[in-house]
Amino acid sequence: MHRRDPYSVEGHLQVLHYYSSRWHGSHGLMYDFARDAAGVAPPGCTLPVLVQYARVEEYRYALDAAKGRQAAVGLGQHWTHDGAVSDVRRTWQRWIAAREDGPVPPGELRDLNYLAHAACYAGTADISAAVLGMMGRRATPLRGRTRGCGEADREVAEGSWGAGLTDPIRRAVPPVGPGRPSTWLRCGRTSRPGGRRSR
């Protein structure tokens, strides 16, 4: 792989899955691989997004192990702890901020969706707004990959998303399922009434 296409996200993603706890490795090995690949990638290369794929893989593994009991395994902070927020910002800096201006190639949309999802759940409204703006009408929710994050629909219904992101996203992303708003609407919220930061 390194000789044929050293910066192939798809190739690295296959290795990342191999190193995951679901298959032949551990969360630590998977994150180490993702961070090493991101660290050697040239500026503007897509590989830093591997860390976001690893975060989703870890979340899915923990949900499967908990058999749906989200609170029992302490996943409430999975997307919002300092390390997760740092990873989102690092992915943004190494990939998006360093890439050349221009339209987003169709091959990068899936990767942008993963970054946008992580940015939304991490509460980094500046990054999520920019990434969603880059994707425009092509932004899509990560259906099935993050089941158990059902709080998004409830928070949208309460109106705790940030002003400025709501209308463009509402127009760009259709509802998920009958009468259910898309999880992307949740992205821009920064705080709940009373000053508490929302998850």
Region 1-129: C-alpha gyration tensor shape, a/c 1.5 cut-off, then a/b vs b/c: oblate
Count charges around Arg89 for me, please; just the other residues with Cβ under 13 Å from its Cβ, Lys/Arg as +1, Asp/Glu as -1. -1
Pulled fully out, how much extra length does the chain show between Arg35 and Arg138, if you take 0.36 nm times their separation in residues and subtract their Cα-Cα distance? 34.3 nm
The FRET efficiency for Arg90 and Trp23, from their Cβ-Cβ distance with R0 = 30 Å and rounded to 0.05, is 0.75
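Values quoted throughout were computed directly from the atomic coordinates according to the rules given, and no laboratory measurement underlies them. Small disclaimer: the values here were computed from a predicted structure and weren't measured. Backbone-built Cβ (ideal geometry, glycine too); neighbour counts: all protein chains shown.
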